[in-house]
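Student: Okay, handing you the structure first.
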Amino acid sequence: MKLARQAAPDAVRRLIELLNSEDERVAAVACNSILDRALGKPKAVEEEKNDMEARLAAMTREQRLQYMRELLEPMRQHLSTASQRRRLSSQSAA
């Protein structure tokens with residue numbers, strides 16, 4: 001590790017020399033290496049797609065319908081219970 005740190009200035013100087021290489025691939029790699037060391041490597045760009053959106057897009061129509069039924073079932077139960085309570089409440093008020 002100590003040896004690598006001692007060689008670092010020479011390595012950076014060599015990268016700087018390679019910036020002017022006639023081979024554009026070499027120059028590009030040198031540029032990227034210097035920028036990565038100077039500014040840090042860029043973070044991978046993640047698609048801004050919502051995970052749910054991607055999951056839904058991967059589902060078949062039948063799978064989406066089943067998923068929708070599963071999501072709606074608790075609401076159906078709640079509405080059914082609320083409706084029964086209202087009926088009982090109106091019957092006892094009469």
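Student: Kindly provide the pair-distance distribution of the chain built from C-alpha pairs, with 5 Å bins from 0 and whole-percent values in order of increasing distance.
Tutor: Histogramming the chain at 5 Å steps yields 2, 10, 9, 9, 8, 6, 5, 5, 6, 7, 5, 6, 5, 4, 3, 3, 3, 2, 1, 0 percent.
Student: Is it possible to state the helix-based mean residue ellipticity at 222 nm for the chain, with each DSSP H run of 4+ residues giving -39500 (n - 2.57), the sum divided by total residues, to the nearest 500 deg cm²/dmol? What is it?
Tutor: One gets -27000 deg cm²/dmol as the mean residue ellipticity at 222 nm.
Student: Projected onto the charge dipole of the chain (+1 at Lys/Arg Cβ, -1 at Asp/Glu Cβ, origin at the Cα centre), which of ALA58, GLN91, THR81 gives the Cα projection farthest towards the positive end?
Tutor: GLN91
Student: Specify which residue in the list LEU71, ALA7, SER33 is farthest towards the positive end of the charge dipole of the chain, using unit charges on the beta carbon of Lys, Arg (+1) and Asp, Glu (-1), about the Cα centre.
Tutor: LEU71
Student: Under a point-charge model restricted to the Cβ atoms of Lys and Arg (+1) and Asp and Glu (-1), what is the dipole moment magnitude of segment 1-80 relative to its Cα centre, in debye to the nearest 20?
Tutor: On the way: 14 positive and 14 negative charges, 68 e Å.
Value, rounded to 20: 320 debye.
Student: Contact order normalised by length for the chain, with contacts defined as Cα pairs under 8 Å and 6 or more residues apart; what percent is it?
Tutor: On the way: 20 pairs, mean separation 11.6, N = 94.
It comes to 12 percent, rounded to a whole number.
Student: Distance in nm between label sites at SER92 and ASP10, each 7 Å beyond Cα in the beta-carbon direction?
Tutor: The modelled label-to-label distance comes out at 9.1 nm.
None of the figures in this text is laboratory data; all of them are computed from the coordinates on show. Note that the structure is a prediction, hence the values are computed from the model and not measured. So basically every Cβ, Gly included, is an ideal-geometry build from the backbone, and we count neighbours across all protein chains shown.
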